[in-house]
Amino acid sequence: TELTHIRNFSIVAHIDHGKSTLADRLIQDTNTVADRDMKEQLLDSMDIERERGITIKANTVRLDYTADNGEHYVLNLIDTPGHVDFAYEVSRSMRAVEGSLLVVDSTQGVEAQTLANVYQAIDADHEIVPVLNKIDLPASDVDRVAEQIEDVIGIDASGAIQVSAKTGVGIHEVLESIVHHLPAPTGNPDAPLKAMLVDSWYDAYLGVIVLVRIMDGHLKKGDRIKFLSNGTTHHVDRIGVFRPAMQNIDVLGPGEIGFLTASIKQVRDTRVGDTITHEKKGTEDALPGFKPAQPVVFCGLFPVDSAEFEDLRDAIEKLALNDASFSYEMETSAALGFGFRCGFLGLLHLEVIRDRIEREYNIDLITTAPSVIYHIYMKDGEMIELHNPADMPDLSKVDHLEEPRIKATILVPDDYLGDVLKLCQDRRGIQLDLTYAGSRAMVVYDLPLNEVVFDFYDRLKSVTKGYASFDYQMTGYREDNLVKMQVLVNDEPVDALSTMVHRDRAEMRGRAMCEKLKDLIPRHMFKIPIQAAIGGKVIARETLSALRKDVTAKCYGGDATRKRKLLDKQKAGKKKMRQFGKVDIPQEAFISALKMD
Ligand code: GTP
């Protein structure tokens, strides 16, 4: 296809503003998929995405569109992930296209993720077409939302298209606008091949599938290609496009987006943002800004049933094949036995992986306290990266500690502003900015990442009844007075509950944790002390009193079914518990105890 007749774009939106529904409509209206094959949310392929309504992997589709001017166009849509954990993937896919549709729910308005993603689009020099969605709903207020787009984002919204992705109103205008307002790609067909690796994933039949955007030159089946980041070479055995099903074609030229397969075994061998060229007479000039995604949140994953360790290893290895941003290494814990220390891009990423292991591989897991990476400066000048509080070195050798900080942007209706400020303050936040846009406030805070990883987002949602939106980026490391807090149950330290806390908050957190554990741990036949300690000094203590009676005692022996039910219930409860010394601790205690209310 000629460059002038190609348009490449992405859709930028906050979660639930209708990105997937709009994409489905565009596919349908260009007859890319026969109506009978059309199922909702075609682009969200994984079950878990469908269930959670979150788009995790970038997907893509090629649409053929005959415009009102009679010309035929090829429109390539790259679907980008909407969540903050995947910001790096968003930024890469943005660089593969020239324009964006900015979808804003006209009953809601601009949200934090709209902002974060639209700034990425602006950074990538995109032409942006605002789309006001859900105009079929009575609460739709297109004037207010258009004004807000101009005020908050600072782009012209006078040409905003009013759409209902649900009923199909305005979809034709969106297609015309893509053709007339978004620029065509540029590229040199005669230059050596230069292609961007936009995304990659594992397919059971084809091996690794690599999504590419051709910048210059041509990519053909049978070519020998080279990845510039690591110099590896491969033989291309298939190229094609997504409609959205895979369709093989012979050649991809400048400006085009498609896939290749080349008998690549692991997703790890392909890095998002890498430059692909020909092995011979290729370019040496890599695309700018390539960096591999780095995990920022770590936690331990252990099987509840230690006999399932090998199954867990298998599950983790399989998941890692398809997710280069997920890291793991084996870990042993005195209390939990064998497991893995895993690194994630953020909390959502952690939850998704944990859910998939539990659901797809049917393994019950104990997840230990998520931790960020601390920088520990030793007195001898060495710097150690601490991924696990359990590995904290001897304090006498430590000079100081630094923790990662983030810049958080929160948009919230005025009514809830006070609660949000209090929450941020409680989490050691430093206010950087506070502005108003209509009846909404935009607050920017500098926060320690470790105060955000457990439950900040949940708390924010709950204090604002779901009306706040949140986005963050890492800013750097800063020194603070941090200590490792240990928890002892029945005088045995439980490694999995060790956390790093700020010295000033240690007492409060320790007390709260002991109180919670007291409620979460069932009573035993003996008395159980629960303590929090810093470097051997106990800072909080609770005592769980001994159980006096058998649970079935009050059944008077007569009601056999009731008795059995009680015993069954006890047994079911047991399944998800782990023994620590003589004490059974239920699985949910590990996460619940760390949440701060
Ligand atoms: P993520 O994939 O989570 O980022 O969400 P999304 O932005 O893709 O949103 P999605 O398309 O899943 O839409 C969210 C919800 O809004 C769904 O329940 C849709 O059915 C609904 N929805 C989308 N567009 C419209 C619309 O124009 N009108 C109405 N009434 N509902 C819509």
One checks the Cα atoms of region 248-307 and finds Rg and Dmax, in Å, of 18.3, 55
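Determine the equivalent ellipsoid of the chain by diagonalising the alpha-carbon gyration tensor, then write out the semi-axes as square roots of 5 times the eigenvalues, largest first, rounded to whole Å.
Details: eigenvalues 436, 158, 129 Å².
Semi-axis lengths for the chain are 47, 28, 25 Å.
With a cut-off of 8 Å between alpha carbons and a minimum separation of six or more residues, what is the relative contact order of the chain in percent? Could the numbers behind the result be given before it?
Values: 1294 pairs, mean separation 56.4, N = 597.
That works out to 9 percent.
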The exposure ranking of H278, H181, fewest beta-carbon neighbours within 10 Å first, is H181, H278
For region 385-435, the percent of all C-alpha pairs falling in each 5 Å bin, from 0 up to the bin holding the max distance, is 4, 13, 21, 16, 10, 11, 11, 8, 5, 1
Here the tail fraction of P(r) beyond 21 Å, over all Cα-Cα pairs of region 235-341, rounds in percent to 56 percent
What the Cα atoms of region 125-193 span along the principal axes, largest first and in whole Å, is 54, 29, 17
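Taking 0.36 nm per residue of separation and subtracting the Cα-Cα distance, what length does fully extending D504 through K318 add? Before the final figure, lay out the partial values.
Values: separation 186, 0.36 × 186 = 66.96 nm, distance 4.24 nm.
Fully extending the segment from D504 to K318 adds 62.7 nm.
Please state the charge dipole magnitude for the chain, taken about the Cα centre, from unit charges on C-beta atoms (+1 on K and R, -1 on D and E), reported in debye and rounded to the nearest 20.
Numbers: 72 positive and 93 negative charges, 588 e Å.
It works out to roughly 2820 debye.
Based solely on its DSSP helices, what 222 nm [θ] is calculated for the chain when runs of n ≥ 4 H residues each add -39,500 (n - 2.57) and the sum is averaged over all residues, nearest 500 deg cm²/dmol?
Working: 13 runs with 140 residues, N = 597.
Calculated from helices alone, the mean residue ellipticity at 222 nm is -7000 deg cm²/dmol.
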Per-residue Cβ contact counts at 10 Å, fewest first, order T499, T233, T283 as T233, T283, T499
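Could you grab the Rg to Rh ratio for region 63-190? Cα atoms only, Kirkwood for Rh.
Values: Rg = 15.1 Å, Rh = 15.5 Å.
With Rg and the Kirkwood Rh in hand, the quotient comes to 0.97.
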Given chymotrypsin sites (Phe, Trp or Tyr not before Pro), DSSP loops and at most 12 other Cβ atoms within 10 Å, the longest exposed-site-free stretch of the chain is 206-525
Computed over region 401-540, the relative contact order (Cα-Cα under 8 Å, seq sep at least six) in percent reads 25 percent
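Over 20 Å between Cα atoms, which of K19/K461; K19/K318; K220/K318; K194/K226; K379/K484 qualify? Don't jump to the answer; show the numbers that get you there.
Numbers: K19/K461 22 Å; K19/K318 30 Å; K220/K318 30 Å; K194/K226 10 Å; K379/K484 18 Å.
From K19/K461; K19/K318; K220/K318; K194/K226; K379/K484, over 20 Å: K19/K461; K19/K318; K220/K318.
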For E256, E279, ascending order of other Cβ atoms within 10 Å (fewest first) is E279, E256
Rg (one decimal) and Dmax (whole number) from the Cα set of region 164-241, in Å, equal 17.3, 50
Mean projected area, convex hull of alpha-carbon positions in region 301-373, reported to one decimal in nm², is 4.5 nm²
By the C-alpha gyration tensor axes a ≥ b ≥ c (rounded if a/c is under 1.5, else prolate when a/b exceeds b/c, else oblate), the shape of region 337-480 is oblate
Any helix of the chain counts here only if DSSP assigns it H throughout, its Cα atoms span 30 Å or more along the axis, and its mean Kyte-Doolittle hydropathy is at least 1.6, and such helices are none
Taking only C-alpha positions in region 322-413, Rg and Dmax in angstrom work out to 16.5, 50
For region 398-458 the mean separation of alpha carbon contacts under 8 Å (6+ apart) over residue count, i.e. relative contact order in percent, is 42 percent
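Values quoted throughout were computed directly from the atomic coordinates according to the rules given, and no laboratory measurement underlies them. These figures come from a predicted structure and were not determined experimentally. In this analysis, Cβ positions are derived from the backbone assuming ideal geometry, glycine residues included, and neighbour counts consider all displayed protein chains.
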